[in-house]
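The values are calculated or read from the model by the stated rules, or taken from the named source; none is laboratory data. Keep in mind the model is a prediction, meaning the values are calculated, not measured. Here the Cβ is made from the backbone with ideal geometry for all residues, glycine too, and neighbour counts use every protein chain on show.
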Amino acid sequence: MSLFMPREREPQTVAPNWQAHLAALAETAKDSHLRGFYAAGVPAADTPIRDVPMIALDVETTGLQVGTHSIVSLGLMPFDLNRIHCGQSKYWVVKPMSELSSESVAFHHITHSDIDNAPRLTHIFEELLDAMAGKIVVVHYRNIEREFLNHAVHVHLNEGLSFPVIDTMQLEAHLHGSQLKQSLWSKLLRRQPLSIRLADSRLRYNLPHYQAHHALTDAMATAELLQAQIATHFSPDTPLGDLWL
Amino acid sequence: MQIELIEIRDHLSRFPPFDGLPEDTLDEIAPQVEIKYFKAGTDILSYGAPIHDLHYVRSGAVEIYRRDGDLYNRLTEGDIFGQFGLLRNNKVRLPARAIEDSLIYFLPAALFHQLCDNHDSFADFVEAEGQSRLKSAVDSHGKASDLMKIKVRKLVSRMPVTVGPRATVQEAAQAMTQEGVSSVLIVDPDSSWPNPARVEPLDKPVASMIGIVTDRDFRTRVIAEGLPPETSVCDVMTAHPITVQSDDTVFEAMLQMLRNNIHHLPVLSRRRPIGMINLADIIRYESQSSLYLANSIYNRKSVAELQALVPDLRSTFLRMANEEASAHMIGSAMAGIGRGFTQRLLELGEEQFGPPPVPYSFMALGSMARDEQLIVTDQDNAMVLDDSFDAKLHDEYFLKLATFVSDGLAACGYSYCKGGIMATNTKWRQPLRVWKRYFNDWIDKPSAQTLLNACIFFDLDSVYGNADLVETLKELLADKASNSPLFLAALARNALNRTPPLGFFRTFVMETDGQQKHIINLKGRGTAPLTDLIRVHALACGATAQNSLERLDAIAATKLMPQEAINHLRYAFEFLSIVRIRHQALELEEGRVPNNYIEPEKISATDRHNLKEAFQVLSNAQKFLRFRYPAHPAGKSR
């Protein structure tokens with residue numbers, strides 16, 4: 001039985017068999033880089049998390065709407081439970097398909113002059129997929145990273161990109177499930193709802209404050225957060241299948 | 001190389017032994033770091049286990065134990081451990097355990113040995129066996145001279161909060177509230193700076209940070225003025241704020257705050273803002289600092305309240321002298337405090353008599369302008385008024401203001417100038433055009449007699465008001481003097497009037513004071529003629545620097561004198577000044593009125609020997625001065 005037991009179980013679809021799913025995609029994907037990525041596969045669902053090679057991913061975007069907004073930078077930080085490997089980290093600024101707005105500039109400090117000479121996302125796909133191949137991707141709030149990447153691949157290759165993730169925000173939501181749903185009583189007492197944003201989640205584990213909204217810093221922050229979550233709430237023997245989505 | 005790993009790099013750069021490493025080396029270290037989180041109570045290193053990394057505490061707390069289990073040391077943010085294992089046989093000698101949730105950085109052994117090989121300071125630090133003891137001794141002592149060594153970046157705790165130029169004051173206030181900071185930087189989003197993602201090469205022109213807004217600005221420039229929340233932040237910011245470089249010392253940052261009466265300083269690494277330090281950061285670091293005193297000056301509401309600070313001024317001077325701060329530090333700090341008194345008195349005066357009818361600058365002269373003030377000092381000041389000044393209409397106001405300041409300074413221990421060089425004297429309270437005429441006359445028609453008194457005006461600096469008025473005079477003097485050989489010759493002769501007390505065979509020639517004791521006047525026959533001599537060379541070089549050490553830097557840049565001669569002068573100046581300071585501190589402590597006279601019999605043999613050396617340097621430099629600026633310059637003798 002998993003240690004990871006949500007307090008209020010949502011009507012849950014059975015976790016997909018990612019190994020089989022990716023193996024099938026390795027046969028059917030049209031693009032050769034995608035086939036290579038899928039062929040590298042993922043560890044089996046019963047692999048203990050201590051043995052799983054992972055890679056934290058963060059993307060910064062021009063806004064929150066998939067389709068309207070696009071990716072401007074990506075950070076990748078490979079790690080496992082024992083070490084975060086800064087030396088193998090990767091960071092790219094890419095030329096977005098949509099315009100930079102002044103709000104997004106203020107948010108992540110990537111400016112017009114930064115992206116003038118930046119490559120298109122297509123040009124770094126091969127390197128990105130190579131870095132991710134064989135590793136479990138770790139993100140904070142999977143809807144951004146997975147959906148933006150999926151959409152970008154769709155636009156460029158006319159086929160999707162599918163991979164399992166561990167979502168540190170989802171873990172935090174489950175761990176503090178009861179405190180997230182505000183009872184009438186809490187509202188009357190004006191209790192602050194618990195925040196599961198990256199910076200606030202890190203505070204609960206006494207992790208230091210970082211400058212937010214830099215893709216590589218956020219990827220590093222996410223990797224540290226997962227190490228802290230596992231060290232605090234899980235055993236290193238927890239099977240991967242209990243954590244991925 | 002991944003210089004994007006800025007969080008790691010900047011954190012390392014604030015703590016020893018990394019704080020002494022060059023920027024390039026720090027850039028190379030960050031990408032080699034590995035990280036792991038340790039829950040409170042978990043073991044990090046066990047005795048005898050193999051060790052292949054230097055460990056660095058990024059956050060949390062770690063205890064180090066002896067082999068027998070006794071506590072050896074307790075470490076926190078920025079401390080290192082594991083070095084003894086790496087220096088021996090790669091076996092853990094002292095086990096370690098996290099006592100709080102901790103984030104640990106690992107630096108590979110190869111990198112560790114490479115840093116030891118290439119950087120002596122790094123090697124010395126990690127090899128020091130009693131490091132923890134020494135560190136706590138230094139920490140508890142808080143030596144003033146450490147301020148000269150510690151880099152500003154050590155005080156920086158986080159990246160600065162920034163907004164774009166299109167932000168409103170409300171948005172800026174929201175950003176500050178959300179981040180819990182008391183100031184925000186305004187940066188131009190169309191410049192590639194200050195993108196934390198990269199470090200700009202030095203030679204690439206980039207737009208700079210355009211301004212800063214502080215808590216106080218919201219009060220004085222927004223609320224007090226009744227401006228709406230949608231006002232552009234650019235309308236209320238301080239444009240082009242004064243900054244410090246991360247490599248600057250805490251002392252330099254302190255001086256910037258003292259001189260400019262500002263409480264927030266953006267810290268830059270080259271052009272990239274890496275943080276913000278404020279007055280509280282420095283006071284927290286050094287609770288007795290002269291800044292603390294300077295800050296309290298600005299809260300005083302009357303002359304009597306200012307006067308009450310005089311004992312604090314004395315104790316600051318004593319503390320700095322006893323903690324072996326350099327003469328340069330003490331001179332600058334005392335001048336900064338003197339400026340503080342003057343500025344506050346002018347503010348109080350303007351409150352009492354109303355705003356000035358025409359712009360003006362209150363000008364410091366002599367030692368305050370040179371940042372070389374000590375504890376016993378006269379006030380030497382003047383007023384430069386805007387050319388729209390009309391004596392009939394305006395002079396009554398300025399006389400009242402000058403009298404108020406001069407009396408206030410006298411009450412605070414800055415006695416009246418015996419030569420009458422004070423803004424209360426009509427002659428020294430004049431519009432810019434008259435001041436220009438004074439300076440032109442002194443330079444065009446130099447005579448030994450006029451220069452004797454005028455010399456004091458050749459060290460000048462604005463203390464309050466429109467500084468441009470004084471800057472104009474500084475530039476006029478520097479430009480014109482360097483092209484006037486006759487003036488330089490007259491000034492040089494003047495500088496030779498006072499000679500060091502050296503007789504045959506380098507024995508002291510001593511004066512006798514009223515009580516028939518053999519004495520040496522350290523100022524009159526030491527620091528003062530040395531200052532005079534440096535001033536002549538500096539003006540010959542067209543330098544606008546006022547501080548003697550800065551003037552020496554300017555002279556060095558022109559190759560007028562060999563570097564070695566300049567080093568000798570620098571050493572002599574520092575030594576004579578520090579002996580004078582120590583003497584005054586001793587007099588103060590023994591309840592006497594400090595003076596400049598020492599009795600050579602009462603000082604140590606080493607000091608006596610060094611004094612002779614310093615006077616010899618002065619004597620040689622005077623010979624060179626005589627030769628370099630002859631009374632009948634060749635070019636003028638047709």
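The table for this structure:
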| item | result |
| --- | --- |
| Output for segment B:33-52, where each listed residue is within 7 Å of another protein chain (Cβ to nearest Cβ) and surrounded by 20 or more Cβ atoms within 10 Å (Cβ to Cβ) | B:33, B:35, B:36, B:37 |
| Residue, surrounded by the fewest Cβ atoms within 10 Å (Cβ to Cβ), within segment B:595-625, restricted to residues that are touching a residue at least 12 places away in the same chain (Cβ under 8 Å) and among the β-branched types (Val, Ile, Thr) | B:603 |
| Enumeration of residues in segment B:426-446 that are in contact (Cβ under 8 Å) with a residue 24 or more places away in the chain, closer than 21 Å to residue B:389 by Cα and among the hydrophobic types (A, V, I, L, M, F, W, C) | B:428, B:432, B:435, B:439 |
| Every residue from segment A:105-115 that is out of contact with any His (no Cβ under 8 Å at 6 or more places or on another chain) and modelled with pLDDT of 65 or more | A:110, A:111, A:112, A:113, A:114, A:115 |
| Residue match in segment B:246-267 (condition: at pLDDT below 80, on the phi > 0 side of the Ramachandran plot, outside the structural domain of residue B:21 (by TED's automatic domain parsing) and of a type in the set (Lys, Arg)) | no |
| Any helices (runs of 4 or more DSSP H) falling wholly within segment B:433-521 and containing at least 1 residues that are out of contact with any Pro (no Cβ under 9 Å at 6 or more places or on another chain) and either among the basic types (Lys, Arg) or at pLDDT 90 or above (or both) | B:467-482, B:485-495 |
| Cβ-Cβ under 8 Å pairs, at least 6 apart or on other chains, segment B:158-169 side among the small types (Gly, Ala, Ser), far side surrounded by fewer than 21 Cβ atoms within 10 Å (Cβ to Cβ) | B:164/A:102; B:164/A:105; B:164/A:106; B:164/B:188; B:167/A:106; B:167/B:175; B:167/B:232 |
| Residue A:131 being within 14 Å of chain B (Cβ to nearest Cβ), assigned to a helix (DSSP H, G or I) and under 17 Å from the mean Cα position of the chain (by Cα) | yes |
| Every residue from segment A:36-65 that is surrounded by 16 or more Cβ atoms within 10 Å (Cβ to Cβ) and assigned to a helix (DSSP H, G or I) | A:37, A:38, A:49 |
| Flag for residue B:375 being among the β-branched types (Val, Ile, Thr) and either part of a helix (DSSP H, G or I) or surrounded by 24 or more Cβ atoms within 10 Å (Cβ to Cβ) (or both) | no |
| Residue match in segment B:177-188 (condition: within 12 Å of chain A (Cβ to nearest Cβ), more than 29 Å from the chain's Cα centre (by Cα), buried (at least 18 other Cβ atoms within 10 Å of the Cβ) and modelled with pLDDT under 90) | no |
| Tally of residues being within 14 Å of another protein chain (Cβ to nearest Cβ) and surrounded by fewer than 21 Cβ atoms within 10 Å (Cβ to Cβ) across segment B:13-28 | 4 |
| Lone qualifier among A:134, A:67 - being on the phi > 0 side of the Ramachandran plot and at pLDDT below 80 | A:67 |
| Of all residues in segment A:221-235 being of a type in the set (Val, Ile, Thr) and within 17 Å of residue B:59 (Cα to Cα), the one that is farthest from the other protein chains (Cβ to nearest Cβ) | A:222 |
| In segment A:195-205, residue nearest to the chain's Cα centre (by Cα) [restricted to those that are surrounded by fewer than 17 Cβ atoms within 10 Å (Cβ to Cβ) and outside any helix (DSSP H, G or I)] | A:197 |
| Number of the exception - residue B:391 against (1) aliphatic (A, V, I, L, M); (2) crowded, with 17+ Cβ neighbours inside 10 Å; (3) out of contact with any Leu (no Cβ under 6 Å at 6 or more places or on another chain) | (2) |
